[in-house]
1. Failed condition for residue 508, given (1) within 29 Å of the chain's Cα centre (by Cα); (2) part of a strand (DSSP E or B), with all others met?
2. Looking at 290, 297, 258, which is the one that is outside the structural domain of residue 375 (by TED's automatic domain parsing), under 23 Å from residue 206 (Cα atoms), surrounded by 24 or more Cβ atoms within 10 Å (Cβ to Cβ) and in contact with a Cys (Cβ under 8 Å, 6 or more places away or on another chain)?
3. Name the strands (runs of 3 or more DSSP E) wholly inside region 411-497 in which the number of residues that are more than 23 Å from the chain's Cα centre (by Cα) and either polar (S, T, N, Q) or closer than 17 Å to residue 393 by Cα (or both) is 3 or more.
4. With the requirement that a residue be over 17 Å from residue 265 (Cα atoms), of a type in the set (Gly, Ala, Ser) and in contact (Cβ under 8 Å) with a residue 40 or more places away in the chain, what does region 174-191 give you?
5. Is one or more of the residues making up region 346-360 in the same structural domain as residue 193 (by TED's automatic domain parsing), among the charged types (D, E, K, R) and in a strand (DSSP E or B)?
6. Would you call residue 400 touching a residue at least 12 places away in the same chain (Cβ under 8 Å) and in contact with a His (Cβ under 9 Å, 6 or more places away or on another chain)?
7. State yes or no: is residue 204 out of contact with any Phe, Trp or Tyr (no Cβ under 9 Å at 6 or more places or on another chain), over 21 Å from residue 160 (Cβ atoms) and not hydrophobic (A, V, I, L, M, F, W, C)?
8. For residues that are touching a residue at least 24 places away in the same chain (Cβ under 8 Å) and out of contact with any Cys (no Cβ under 6 Å at 6 or more places or on another chain), scanning just region 72-82, find the one that is surrounded by the fewest Cβ atoms within 10 Å (Cβ to Cβ).
Amino acid sequence: MAPHPRLAPQARLLSLVLAVALGLGSAAPGLGHGPEASDRAETDPYSILTWHDYSPPSPPPPPPPPAAPAATCAEDLHGKGDFSTTCELSEEVQLDGDVYITGNGSLVLNSGAALTCEKPGCVISANLSGEVRLGRGVRVVAGWVSLAAANITIADTVIVNTSGLAGDPPDRTSGVPTGTHGDGGGHGGRGASCYVKDGQSQEDSWGGDAYAWSDLEHPFSYGSKGGSTSVEKDYGGVGGGILWLFADDLLMNGTVLADGGDSSDKGGGGSGGSIYIKAKTMHGAGRISASGGNGLAGGGGGRVSINVFSRHDDTQIFVHGGMSSGCPDNAGAAGTLYDAVPKSLDVNNNNMSTQTDTLLLDFPNQPLWTNVNIRNHAKVVVPLLWSRVQVQGQLSLKSGAVLTFGLTGYPYSEFELMAEELLMSDSTIKVFGALRMSVKMLLMWNSRMLINGGGDSVVATSLLDASNLIVLKESSVIHSTANLGVRGQGLLNLSGDGDIIEAPRLILSLFYSIRVGPGSIIRGPLVNGSNGDVSPKLNCEDESCPVEIIHPPEDCNLNSSLSFTLQVCRVEDIDVWGLIQGTDYRDCV
């Protein structure tokens with residue numbers, strides 16, 4: 001069929017808003033059938049509108065409205081039947097432009113059939129009341145694929161692919177890198193860069209930036225193009241496209257892709273695109289990927305959101321960054337995977353080492369996310385000053401994960417971390433500024449929490465509050481260059497060799513029991529501290545005995561004016577097999 005002009009996503013969204021404002025009352029084009037429309041009309045009893053006078057963000061735009069009459073089965077798709085009953089395709093059909101399919105019937109692509117439009121941003125949209133069935137070996141390829149039906153079947157060996165076919169990314173975003181360094185494109189995670197400016201480190205250098213954080217629950221943005229090493233020729237990989245699946249029942253045994261396009265050693269990989277799946281049930285062991293493309297520098301991962309009430313089997317989902325041939329230890333940053341039913345966010349770089357960050361910005365207040373999981377060498381940063389990271393359940397860091405609060409070289413802010421549990425295994429938390437942590441359990445296994453107070457008196461004190469349990473095992477370390485308070489109502493257990501809690505001034509308070517295992521250390525002040533560390537005032541010139549030595553304070557607050565460098569306050573039981581080390585108030589040399 002002849003190509004149809006395609007509206008930009010912003011224009012479609014504006015049209016929808018104007019239609020509502022004018023009170024037209026008609027359903028959005030392309031949403032008159034299928035479960036998707038009824039789902040949107042349901043009232044959420046836990047909506048923020050029930051509890052707060054709050055204006056929520058705009059919902060995602062609907063699938064692109066037809067720019068021309070809807071496609072026909074026989075003329076446009078070369079199939080048999082019609083969309084009121086059943087349209088069957090048994091051959092490969094190459095489209096010249098966008099196609100929009102609507103009707104009360106079904107669409108069946110038999111084994112070996114294909115429906116392709118391999119042009120950037122080309123749209124294949126089907127909105128049917130019956131089923132969409134893709135038989136073995138079927139290929140569906142376009143820049144934006146949207147399938148909505150009562151039942152969707154994606155058989156094994158099926159490929160629904162929008163990889164490297166992105167249209168233009170959203171306006172006012174910086175996912176496309178600048179310069180001629182062959183950097184990776186950004187989207188869910190930043191694109192990598194193998195070019196490091198003088199005076200900077202690899203961690204300070206990245207390619208295209210992340211965007212569309214506010215839409216990660218229902219992503220609809222194209223990925224971004226990678227950079228080139230040439231002004232004359234564009235070698236960058238194209239970003240990943242958009243793929244939506246809406247159904248009551250989804251059988252997912254095939255592969256759905258929105259990966260960024262690969263490049264050579266002359267360009268950066270494109271960033272992953274967007275995948276949004278909404279269904280009542282999903283079965284099958286298929287593969288879902290919105291990963292970054294490979295290149296001289298890898299592209300960042302995209303965004304995937306799964307809103308499925310009942311999930312069976314084990315679908316594989318990937319949002320990792322692309323590989324960097326120019327700096328193999330610095331892949332593109334991981335994208336985001338949001339699971340809407342448990343309200344959990346997963347950042348997973350598939351064990352690809354990186355120095356490039358995935359950005360976590362504003363966390364929702366109502367409803368709170370349940371869990372946040374950072375794993376497999378994902379590197380995550382909370383860059384906004386005075387930020388709060390709050391989840392109802394568990395914040396988990398595993399397998400080489402790194403979570404950074406603040407910006408390197410700017411330790412001028414306080415950060416809040418609130419959760420039921422903070423679990424760390426072979427991972428690191430870095431804080432540039434001060435940390436106010438409130439959890440029930442802190443469990444650390446071969447992990448480090450490094451707090452850089454920076455010498456600023458405003459943010460010179462960090463407080464770690466774990467009401468039930470703190471356990472450090474396998475050489476885990478809590479290290480602060482500024483004042484540190486650690487308190488709880490249960491057990492503080494440093495299990496053995498290499499487990500350390502240390503700070504220039506340290507107070508441990510309110511625990512029922514403190515156990516210092518063999519080879520573990522509780523220390524204040526630091527040994528071999530740097531010039532940037534906060535130095536406690538030891539009253540070296542005072543020849544009298546400070547009153548707090550005779551009458552210690554009873555409030556258990558960390559008071560930097562006192563002579564103590566290490567305080568243990570209101571603790572029921574202390575079992576010491578390791579070392580508790582402090583400094584006498586006269587130990588001034």
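1. Here residue 508 meets the rest and fails (1).
2. On the way: 290 fails: in contact with a Cys (Cβ under 8 Å, 6 or more places away or on another chain); 258 fails: in contact with a Cys (Cβ under 8 Å, 6 or more places away or on another chain).
Step by step, each of 290, 297, 258 is checked, and only 297 is outside the structural domain of residue 375 (by TED's automatic domain parsing), under 23 Å from residue 206 (Cα atoms), surrounded by 24 or more Cβ atoms within 10 Å (Cβ to Cβ) and in contact with a Cys (Cβ under 8 Å, 6 or more places away or on another chain).
3. Values: elements: 414-418, 421-425, 428-432, 434-445, 448-452, 461-473, 477-480, 483-487, 491-494.
Per the criteria, 461-473.
4. 175, 186, 188, 189
5. Yes.
6. Details: touching a residue at least 12 places away in the same chain (Cβ under 8 Å): yes; in contact with a His (Cβ under 9 Å, 6 or more places away or on another chain): yes.
Answer is yes for this residue.
7. On the way: out of contact with any Phe, Trp or Tyr (no Cβ under 9 Å at 6 or more places or on another chain): yes; over 21 Å from residue 160 (Cβ atoms): yes; not hydrophobic (A, V, I, L, M, F, W, C): yes.
When the stated conditions are applied, residue 204 passes them.
8. Keep residues of region 72-82 that are touching a residue at least 24 places away in the same chain (Cβ under 8 Å), which gives 75-77, 81.
When the remaining residues are screened for being out of contact with any Cys (no Cβ under 6 Å at 6 or more places or on another chain), the result is 75-77.
Values: 75: 9, 76: 19, 77: 23.
Selected residue: 75.
The values are calculated or read from the model by the stated rules, or taken from the named source; none is laboratory data. Nothing here was measured: the structure is a model prediction, and the numbers come from that model. Heads up, the Cβs are rebuilt from the backbone with ideal geometry, glycines too, and the neighbour counts pull from every protein chain shown.
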